[in-house]
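What follows is a set of notes on a single structure, which appears directly below.
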Amino acid sequence: MDAPLAPRRADALGVHSLDHFAFSVPDIADAQRFYQAFGLDVRRDGDRLELRTAGNPHRWATVVGNGAPKRLQYLSFSAYDDDYDALVRRVAGRGACEPHALSDGRGTWVRDPDGTHVQVIAGPKVSSSGKVPSTPAAAVPGKGAAPNRSTAQPVRPRRLSHVLIFTCDVLESIKFYEGTLGLRLSDRASDLVAFMHGIHGSDHHLLALVKSVAPGFHHCSWDVASLNDIGLGAMRMHDKGWTKGWGLGRHVLGSNYFHYVRDPWGSFSEYSCDIDYIPKDERWPAADHKPEDSFYLWGPDVPREFTINYEGGES
Ligand SMILES: [Fe+2]
């Protein structure tokens, strides 16, 4: 018998990946400096950046400089070829819309409950398909494991893990992303925050939703190889002047270790490692947690500005 071409759940319809996301910023040169310093492979074409990770041709994000305040533009999700037509029919049932003006125009388009454009395309699975060991091997007895500071290698994120967006109604957004795109709820904390995964196997969340008075982009999260890379990346960003953020800490929902670096527009880029993985055949319990008991396991106090939605209000 032939081996399956890709890991997939056979009994349900849904996208497999967050293919990429797009947002606009006031100054594209600031964005280029920030994401290059963060360790991404940044390619600029005029007023547009594409964000990639080292050694991976996939474009994870498009950033457009337009002189206006930072704004989430659209999210793009991808599905297996043979699921695509059924997803197009689902989108049509919800009410398809025109492609976003900043996009490549491919696929089918719909607006989520906040009015944010959502693209669905057929494409390769780029979400995680397994748990990649994130902790380096223990030091060999008799040898020093840490390099000298000057010889430490650059931190290079391996892939996009997830984005977190603001929404005016977390529960309505869950319904939309479940009913139209086939994502599944992983965990939530009341109607304040929710985490959703892909049914064909993905990180604990490839999309997270947090309540606010307006839609918006809160952070993008980039998987790095180790806890050491989180600390090293955070220090290097600090050395280059990107001193604000939150971390080092560990989340409860998703379990990942984190350090968030504040970008020039008040959203964040997260160094993340060891996030929980939900295999394709797993029925994750989708529990409702107490907010005060599930935000983070340990870490510094949360900076006030961490919860501000600069696209329209405070969460
Ligand atoms: Fe995150």
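Summary of computed values
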| quantity | calculated |
| --- | --- |
| Residue within region 189-201 that is within 16 Å of the chain's Cα centre (by Cα), part of a strand (DSSP E or B), more than 30 Å from Pro264 (Cβ to Cβ) and of a type outside the set (A, V, I, L, M, F, W, C) present | yes |
| Residue in region 255-297 that is farthest from His205 (Cα to Cα), counting only those that are among the acidic types (Asp, Glu) and surrounded by 18 or more Cβ atoms within 10 Å (Cβ to Cβ) | Asp263 |
| Odd one out for Gly142, checked against (1) touching a helix residue (DSSP H, G or I) at 6+ places or on another chain (Cβ under 8 Å); (2) on the phi > 0 side of the Ramachandran plot | (1) |
| Subset of region 172-188 (residues that are outside any helix (DSSP H, G or I), of a type outside the set (Val, Ile, Thr) and away from the ligand (no atom under 14 Å from the Cβ)) | Leu181, Gly182, Leu183, Arg184, Leu185, Arg188 |
| Selected residue (criterion: nearest to Glu311 (Cα to Cα)) from residues of region 146-167 that are within 16 Å of the ligand (Cβ to nearest atom) and not β-branched (Val, Ile, Thr) | Phe166 |
| In region 198-214, residue farthest from Ala287 (Cα to Cα) [restricted to those that are crowded, with 21+ Cβ neighbours inside 10 Å and more than 13 Å from the ligand (Cβ to nearest atom)] | Ser212 |
| Condition check for Arg44: out of contact with any strand residue (DSSP E or B) (no Cβ under 7 Å at 6 or more places or on another chain), at pLDDT 95 or above and farther than 22 Å from Leu87 by Cα | yes |
| Filter pass, His200 being touching a Ser or Thr at 6+ places or on another chain (Cβ under 7 Å) and either more than 21 Å from Arg71 (Cβ to Cβ) or modelled with pLDDT of 95 or more (or both) | no |
| Enumeration of residues in region 210-257 that are touching a helix residue (DSSP H, G or I) at 6+ places or on another chain (Cβ under 7 Å), hydrophobic (A, V, I, L, M, F, W, C) and closer than 27 Å to Pro133 by Cα | Val224, Met237, Trp246, Leu248 |
| Selection count where residues are among the acidic types (Asp, Glu) and loosely packed, with under 12 Cβ neighbours inside 10 Å, scope region 298-315 | 1 |
| So Ser127, is it of a type in the set (S, T, N, Q) and surrounded by fewer than 17 Cβ atoms within 10 Å (Cβ to Cβ) | no |
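The values are calculated or read from the model by the stated rules, or taken from the named source; none is laboratory data. Source: prediction; values computed, not measured. Methodologically, a virtual Cβ is constructed for each residue, glycine included, from the backbone with ideal geometry; neighbour enumeration extends over all protein chains shown.
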